[in-house]
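Accompanying notes for the structure given below.
The values are calculated or read from the model by the stated rules, or taken from the named source; none is laboratory data. Since the structure is predicted, the reported quantities are computational estimates derived from the model, not experimental observations. As a convention, Cβ positions derive from the backbone with ideal geometry for all residues, glycine included, and neighbour counts pool all protein chains shown. Remember, those area values only see protein heavy atoms, side chains included, never the ligands or the DNA or RNA. Shrake-Rupley method; radii C 1.70, N 1.55, O 1.52, S 1.80 Å.
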Amino acid sequence: MDIQSIQAQIENDLSAATSLPALEEIRVKYLGRKGLVSELTGSIAGLPVEQRGQFGQQVNALKNKLQGFLEAKEKTLKTQPGVSQKTGVDIGMPGIAREPGSVHPITRIIDEICAVFTRMGFSVVSGPEVETEYNNFTGLNIPLEHPSRDAFDTFYLKNYSKLLLRSHTSPVQVRVMKTQKPPLAVIVPGRVYRPDAVDASHLFMFHQIEGFLVDENIRFSDLKGVLELFAKSVFGQEIKMRFRPHFFPFTEPSVEVDISCIICKGKGCSVCGRKGWLEILGAGMIHPNVFKQVGYKAGLYTGFAFGMGVERIAMLKYGINDIRLFFENDLRFLKQF
Ligand code: PHE
């Protein structure tokens, strides 16, 4: 290629360059080790001796011109509005967008439920996931060897026979009552663990929300009023609620609480197993033996407690049919909340 056409090509390339990286590409194309100008310089040796001097001067002139062009173009690019003088970065260009995250559906439900109870005057408390055997069982009137321990059996920490992963949030009742006197109105969200085989409705870890209220003259009707307000706030004003007798060692009397099926409105469908009702929590009046364990004077206080599974509530509310979806970190699932 002759010097003239290379110079024309350089001018073309330069006027098309609109960024500093593009300019750098041009510099490499012509002045780099394998660039066109170096090629010309290399070809000097192959020329007849009498032509070398003149050709060499022309190549040098071209090289100097190009260097001048590049410097001038760099200056104009760097002083363009939007381009940083220091870095040459065009801050007017669209940036790399960060995808905004969102609150996990379980956290969202916990926040929503806690908000309902804090509006009623409850305070939110948390307790450790590694608990003592005493707080998880004995303090809650579940004596060693009692068959009801089986239902709450759990993972014991190796080498620490008295420590375990709590199988419910109820031990926080014992913790709070041992350190504080009534009146108490407390709500406890947190993780619990059970040695359950994993399937669409079971996990070895899930979340519960415990609630309890203790004072003088607290009645079963107080429990009913609080739970009704909770259920209607979360599932809608039109739902019905019913209490079925049940057994828990730490409450007496004990109940399981159902709401009318939110899918079929009580007519019976596959979600409620044709029963028209959905179980949402366990509850009852705190057993006098629990008050005794925490050192409250006998007969002075009464109170109620309840416990619910957060995943179950979330599944009912959002129509989710597999509990495992919550913890697989699949963005196609999580992005829907
Ligand atoms: N701790 C019970 C459970 O895990 C639930 C419960 C809490 C029941 C408080 C009654 C009172 O099943």
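Run the dipole for the chain about the Cα centre, Lys and Arg Cβ at +1, Asp and Glu Cβ at -1, nothing else charged, and hand back the magnitude in debye, nearest 20.
420
Given R₀ = 51 Å, FRET efficiency for Gln180-Phe327 by Cβ-Cβ distance, to 0.05?
0.90
Mind listing the Cα extents of the range 105-334 along all three principal axes, in Å, largest one first?
Between the extreme Cα coordinates on each principal axis of the range 105-334 lie 48, 44, 31 Å.
What nm distance separates the two modelled labels at Leu47 and Tyr134, each placed 7 Å from Cα along Cα→Cβ?
10.0
Could you list the trypsin sites (Lys or Arg not before Pro) in the range 71-122 that lie in coil according to DSSP, counting only those with at most 12 other Cβ atoms within 10 Å of their Cβ?
Lys86, Arg98
What does the range 3-78 give for Rg and for Dmax, in Å, if only its C-alpha atoms count?
For the range 3-78, the Cα radius of gyration and maximum Cα-Cα distance read 13.4, 44 Å.
Any cysteines in the chain with zero other Cys Cβ atoms under 4.7 Å from their Cβ? List them, or say none.
Cys114
Could you state the per residue volume, in Å³, of the convex hull enclosing the Cα atoms of the range 251-337?
It is 137 Å³ per residue.
As an exercise, identify the trypsin sites (Lys or Arg not before Pro) in the range 158-193 lying in DSSP coil whose Cβ has no more than 13 other Cβ atoms within 10 Å.
Sparse-neighbourhood loop trypsin sites (Lys or Arg not before Pro): Lys158, Lys162.
If you average the sequence gap of Cα pairs under 8 Å that are 6 or more apart and divide by the length of the range 105-334, what percent do you get for the contact order?
Dividing the mean separation by the residue count of the range 105-334 yields 21 percent.
Accessible area per residue, 1.4 Å probe, Å², for the range 182-319: what's the number?
Value returned for the range 182-319: 45 Å² of accessible area per residue.
Could you tell me which chymotrypsin sites (Phe, Trp or Tyr not before Pro) in the range 167-223 are loop residues by DSSP with no more than 16 other beta carbons within 10 angstrom of their beta carbon?
Passing both the DSSP loop test and the Cβ count: Phe204.
Longest exposed-loop-site-free stretch of the chain, with GluC sites (Glu not before Pro), DSSP loop and at most 16 other Cβ within 10 Å?
Answer - 1-128.
Can you give the convex hull volume per residue for the Cα atoms of the range 139-228, as a whole number of Å³?
139
Work out the charge dipole of the chain with +1 on the Cβ of Lys and Arg and -1 on the Cβ of Asp and Glu about the Cα centre, then indicate which of Phe304, Gly82, Phe69 is farthest towards its positive end.
Phe304
Using a basic spin-label model with each label point 7 Å from the Cα along Cα→Cβ, how many nm lie between Val124 and Tyr156?
3.5
How large is the charge dipole for the range 3-78, taken about the Cα centre, if only the Cβ atoms of Lys, Arg (+1) and Asp, Glu (-1) carry charge, to the nearest 20 debye?
I would put it at about 160 debye.
So how strong a dipole does the range 78-155 carry about its Cα centre when Lys and Arg Cβ are +1 and Asp and Glu Cβ are -1, to the nearest 20 debye?
In debye, rounded to 20, the range 78-155 gives about 800.
Kindly flag which residue pairs out of Lys265/Lys317; Lys178/Lys232; Lys29/Lys73; Lys178/Lys292; Lys232/Lys317 have an alpha-carbon separation exceeding 22 Å in this structure.
Long pairs (Cα-Cα over 22 Å): Lys178/Lys232.
Of all accessible surface on the range 3-78 at a 1.4 Å probe, what whole percent is carbon and sulfur?
For the range 3-78, the apolar C and S fraction of the accessible surface comes to 53 percent.
Measuring from centroid to centroid over Cα atoms, what is the spacing of the range 39-68 and the range 126-152 in Å?
Taking the Cα centre of the range 126-152 as reference, the centre of the range 39-68 is 92 Å away.
With the other protein chains left in place, how much accessible area per residue, in square angstrom, belongs to the range 3-78 at a 1.4 angstrom probe?
I get 64 Å² per residue for this part.
Please give me the summed charge of the neighbours of Cys272: other residues whose Cβ is under 11 Å from its Cβ, Lys and Arg +1, Asp and Glu -1.
Once positives and negatives cancel, what remains is +2.
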